[in-house]
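The values are calculated or read from the model by the stated rules, or taken from the named source; none is laboratory data. Keep in mind it's a predicted model, so treat the numbers as computed, not measured. Glycine also receives a Cβ, built like all others from the backbone with ideal geometry; neighbour counts cover every protein chain displayed.
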Amino acid sequence: MKDVILALDQGTTSSRAIAVNADGKVVASAQREFPQHYPKPGWVEHDPREILDSQLAVMDEVLEKTGGARAIGITNQRETTVLWDRETGEAVHPAIVWQDRRTADMCRGLADYAGLFASRTGLRLDPYFAGTKLRWLLENLPNVRQRAEAGELAFGTVDSWLVWHLTGGKHHLTDATNASRTLLFDIHRQCWDDELLRILDIPKTVLPEVVDSSGLIAETTDGLPIAGIAGDQHAALFGQGCYEPGMAKNTYGTGCFLLMHTGAKPVMSANRLLTTMAWRIDGKPEYALEGSVFIAGALVQWLRDEMGLISTSEEVGELAATVADSHGLVIVPAFAGLGAPHWDPQARGLAIGLTRGVNKAHWCRAALESIAFQSGELVRCMERDAGHRMAELKVDGGATMNDLLMQIQADLCSAPVVRPKNIETTAMGAAFLAGLGVGMWKDRREILAMLEEERRFEPREIDAAAKWRDWDRAVERAKAWE
């Protein structure tokens, strides 16, 4: 079974590995969770060694089942920042996770440069991204800046950390998708930007080489080619076969991440979305618009763990299906502020429209609707930026198994929602990129032929305009509360 691609999917809470054969079928898999660390309010850290050990463990488990592999593809949690010693390979500090907010004041202090960062990188000045995390490490750890300037230290997102150790320290690199999430990479010229590095006071000596997302990138110490790398949302876009402008996917997890392919030229958003790399293959960049919803599946967890309205996450769909609508209840789950397109960190959660007839089934229905409304806002923004309607929305992630949520999403977007047979699209995207890199599949058409729909949810005739009016009114009331 050696003629398989091994995909390493290093996520925020667990590390996974899958083996994919030439027919695009998963023939082996393994997963291992690792601890989350919260040293201060708003701070989120991982132990880089725990990330590495968990990923190596599941890799070995899958390789033992398959007897080997033809190549490795890597996909990873994005923006999470690691700084390590080039000599020892040990991190000088815990990894600062993408969710970490410790650089909020730093970002506010850089507000005069917001337009410059947006025009060069496609991103907003926000603690979400890796650049300010790296600056924090340089400014707050003893002797670290001097060591960085002397070339003793290496910076990277999690893909770089994995590649460094898989290759025995021979390769310090990242792909264009991960580079595009650092606030340091010019997505137009496809290079690290010297002016932005000066503004953030980051020495170029710590940065990795930027490579394509597919191709013969490096070799492990065992001689296994690393032939594909992409950040998780970019890999999911590729795994869903969104290869033409206007094609979009939404990943439903703790939050939601919606990306729309925009082609060979970046579309700079006029609607407060992010412009990002889709991937870079054969030196040719392709771009996407991206919107992030901070709270999606986390709202269902809140109903279960904090409110006690349900005992399992699956119950939310079962209860919601027992009522025809939310009985006028609207929930805006701004527990951590609002993400795109509002970008309001002072917003807070709100439930409005409560009357005596509202019961827990209506709460469950309103929760599902809030997930769909937030994603639908991103669709509306993307359609305005792209200048055309979205033909269909491809979906992945655990919450896509909730049929009612998927139907509500189709209704609110007035577009079909397509659920694939294989919802492991992130890992599949990494496998496809690597398989292209070593010739297992000759082109994207061959990959598209392997993708199968499990179900298509067609939009129904509803009074969507009235529902959207209520949602927009509720969101305005939730803003600027804190």
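Key figures
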read-out: Out of Gln31, Gln99, sole residue that is within 25 Å of Gly253 (Cα to Cα), in a strand (DSSP E or B) and modelled with pLDDT under 95; value: Gln31
read-out: Selection from the range 338-370 of residues that are at pLDDT below 90 and surrounded by fewer than 16 Cβ atoms within 10 Å (Cβ to Cβ); value: Trp343, Gln346
read-out: Residue in the range 38-48 that is out of contact with any Cys (no Cβ under 8 Å at 6 or more places or on another chain), at pLDDT below 90 and more than 26 Å from Leu153 (Cα to Cα) present; value: yes
read-out: Some residue of the range 65-88 being over 30 Å from Glu446 (Cα atoms), assigned by TED's automatic domain parsing to the domain that holds Leu166, within 19 Å of the chain's Cα centre (by Cα) and not hydroxyl-bearing (Ser, Thr, Tyr); value: yes
read-out: Residue that is surrounded by the most Cβ atoms within 10 Å (Cβ to Cβ) [pool: residues in the range 429-454 that are closer than 24 Å to Gly73 by Cα and touching a Pro at 6+ places or on another chain (Cβ under 9 Å)]; value: Ala434
read-out: Any chance Leu6 is out of contact with any His (no Cβ under 9 Å at 6 or more places or on another chain) and crowded, with 24+ Cβ neighbours inside 10 Å; value: yes
read-out: Qualifying positions in the range 179-209 - crowded, with 18+ Cβ neighbours inside 10 Å and either closer than 20 Å to Ala71 by Cα or basic (Lys, Arg) (or both); value: Arg181
read-out: Lone qualifier among Ala236, Ala230 - being in a strand (DSSP E or B), within 16 Å of the chain's Cα centre (by Cα) and buried (at least 24 other Cβ atoms within 10 Å of the Cβ); value: Ala230
read-out: Looking only at the range 406-444, and only at residues there that are outside any helix (DSSP H, G or I) and among the aliphatic types (A, V, I, L, M), the one that is farthest from Gly239 (Cα to Cα); value: Ala415
read-out: Test: residue in the range 42-56 that is touching a residue at least 60 places away in the same chain (Cβ under 8 Å), outside any helix (DSSP H, G or I), farther than 30 Å from Lys204 by Cα and not assigned by TED's automatic domain parsing to the domain that holds Leu436; value: no
read-out: For Asn402: the one exception among (1) without any contact (Cβ under 8 Å) to a residue 60 or more places away in the chain; (2) under 21 Å from Glu461 (Cα atoms); value: (1)
read-out: Residue identified as free of Cβ contacts under 8 Å to residues at least 60 places away in the same chain and either closer than 22 Å to Gly397 by Cα or outside the structural domain of Ala367 (by TED's automatic domain parsing) (or both) among Ala248, Ala235, Ala288, Ala278; value: Ala288
read-out: Filter pass, Leu196 being part of a helix (DSSP H, G or I), among the hydrophobic types (A, V, I, L, M, F, W, C) and in contact with a Leu (Cβ under 6 Å, 6 or more places away or on another chain); value: yes
read-out: Selection count where residues are surrounded by 21 or more Cβ atoms within 10 Å (Cβ to Cβ) and under 21 Å from Arg78 (Cβ atoms), scope the range 398-422; value: 2
read-out: Selection from the range 119-141 of residues that are surrounded by fewer than 17 Cβ atoms within 10 Å (Cβ to Cβ) and small (Gly, Ala, Ser); value: Ser119
read-out: Positions within the range 378-390 being over 22 Å from Ala235 (Cβ atoms), in contact (Cβ under 8 Å) with a residue 24 or more places away in the chain and in a loop (DSSP other than H, G, I, E, B), in sequence order; value: His388, Arg389
read-out: Residue within the range 127-134 that is assigned by TED's automatic domain parsing to the domain that holds Gln99 and over 30 Å from His342 (Cα atoms) present; value: no
read-out: Pick from the range 272-307, criterion acidic (Asp, Glu) and within 18 Å of Arg189 (Cβ to Cβ), ranking: surrounded by the most Cβ atoms within 10 Å (Cβ to Cβ); value: Glu286
read-out: The one condition in (1) assigned to a strand (DSSP E or B); (2) without any contact (Cβ under 8 Å) to a residue 40 or more places away in the chain that Ser311 fails to fulfil; value: (1)
read-out: Subset of the range 58-104 (residues that are β-branched (Val, Ile, Thr), in contact (Cβ under 8 Å) with a residue 24 or more places away in the chain and more than 14 Å from His46 (Cα to Cα)); value: Val58, Val62, Thr66, Ile72, Ile74, Thr75, Thr103
read-out: Filter result for Ile310 (crowded, with 18+ Cβ neighbours inside 10 Å and modelled with pLDDT of 90 or more); value: no
